Amino acid sequence: MNAHGRYIGQGPLVRSVQKITLVLADGRVVTASPKENAELFFAAIGGYGAVGVIADVTLDLAVNSRVRRDDET
């Protein structure tokens, strides 16, 4: 819940979430994604548990690689 961050050059971390399994306050278990139950998906991501408990997450993964950062002052 409320994971923050970004992929370098890819935008917010939420873009890596394919789907979630959400347990709602009434006990129902629902699957949500950007296309299925989208209103629940976007409310639950960063929602501090107000919509329900995220019980399972499917993420896009990438090969871990070194990143070099150069700053100019």
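Details
- Within the stretch 44-73, residues that are among the charged types (D, E, K, R) sit with their Cβ atoms under 7 Å from residues that are open to solvent by less than 80 Å² (accessible area, probe 1.4 Å) and not in a loop (DSSP other than H, G, I, E, B), at 6+ positions apart or across chains, in these pairs: Asp56/Ile20; Asp56/Thr21; Asp60/Ser16.
- Among the residues of the stretch 29-37, none qualifies, meaning not one is of a type in the set (A, V, I, L, M, F, W, C), surrounded by 13 or more Cβ atoms within 10 Å (Cβ to Cβ), part of a helix (DSSP H, G or I) and in contact with a helix residue (DSSP H, G or I) (Cβ under 9 Å, 6 or more places away or on another chain).
- Candidate set: the stretch 42-73, residues that are hydrophobic (A, V, I, L, M, F, W, C) and in contact with a Leu (Cβ under 8 Å, 6 or more places away or on another chain); chosen: the one most open to solvent (accessible area, probe 1.4 Å): Val53
The values are calculated or read from the model by the stated rules, or taken from the named source; none is laboratory data. None of these values were measured; they are calculated from a predicted model. As a convention, Cβ positions derive from the backbone with ideal geometry for all residues, glycine included, and neighbour counts pool all protein chains shown. Accessible surface areas use protein heavy atoms only, side chains included; no ligands, DNA or RNA. Shrake-Rupley method; radii C 1.70, N 1.55, O 1.52, S 1.80 Å.
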